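*Asks:* Just passing along the structure, written as structure tokens.
The values are calculated or read from the model by the stated rules, or taken from the named source; none is laboratory data. In this text, all values refer to a predicted model and were calculated from it rather than measured experimentally. No Cβ is skipped: glycine too gets one built from the backbone with ideal geometry, and neighbour counts run over all protein chains shown. What goes into the accessible areas is simple: the full protein's heavy atoms, side chains included, and nothing from ligands, DNA or RNA. Shrake-Rupley method; radii C 1.70, N 1.55, O 1.52, S 1.80 Å.
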Amino acid sequence: MNMDTFESVFHEKGRLRRLFAHSSEMLYKDVPVSDLVIYNPTKQISHLRSRHPITKELEVNTMSLVIYFGAYYSPKKKNPPNVGWSVYVGPESCHNASGKLPLDAIQTRRRGCIEALSHALDIMKIITSQDDDLVFIVFVSDTLGMVNAMARWMENWEGYALDRVELLTDYFEGYKELDKRILELENNGNGFIVKFWYYPAAEVYNLARDALYQEGIWLAS
């Protein structure tokens, strides 16, 4: 499923509050994807940019924070394979992080993405504790299953559990724990809005994807 199909399917079924769908976001849909994310070298974080409704100029949304996360197999054939995870906030950001899945964990990319998002949430809490203005949080993943899980299934997991094999697997407890942490953020009174953006390949994502990939496979090797 490509991104346009993914977004249209979701919006046919109604707005999902945790889904960041670029083509349907009022503040951002008129901004080309290549211009949508901008790095702030002073704060070492990434923001979204919107277009001013009157001047049509691009404006930085200083209340936004964009964090990429991913997981990758070792390029070397191993049995079982090793998986590395990475979190990317921006070029040479002090908040970038990476690691390797424990050997006793299931060595799959999905499990690695769960680990990566867990660390991304930790990093997000550190960043936002230093800047109260950051309340619109966008986590970017190139793994459709992760975006589905966090933006769709986990909001109604009891309703999906019987017909979604994904939620009956070893991944479910990981999804559930992440959902619990996100709910705590959304309900802590600080005004956090948490979104998930599925973007497998685009100019805005190439740098982050390549950095995640290189770090992830290096650690998995």
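*Asks:* List the pairs whose first member sits in the range 28-39 and is over 17 Å from PRO53 (Cβ atoms) and touching a residue at least 24 places away in the same chain (Cβ under 8 Å), whose second member is open to solvent by 60 Å² or more (accessible area, probe 1.4 Å) and of a type in the set (D, E, K, R), and whose Cβ atoms are under 9 Å apart, counting only residues at least 6 apart or on separate chains?
*Replies:* VAL33/GLU203; SER34/GLU203
*Asks:* Continuing with this model, one more query. For the range 153-203: of the residues being basic (Lys, Arg) and at pLDDT 85 or above, which is most open to solvent (accessible area, probe 1.4 Å)?
*Replies:* Out of the qualifying residues, it is LYS180.
*Asks:* If you don't mind, another one. Which of the residues that make up the range 108-123 are surrounded by fewer than 18 Cβ atoms within 10 Å (Cβ to Cβ) and touching a residue at least 60 places away in the same chain (Cβ under 8 Å)?
*Replies:* SER118
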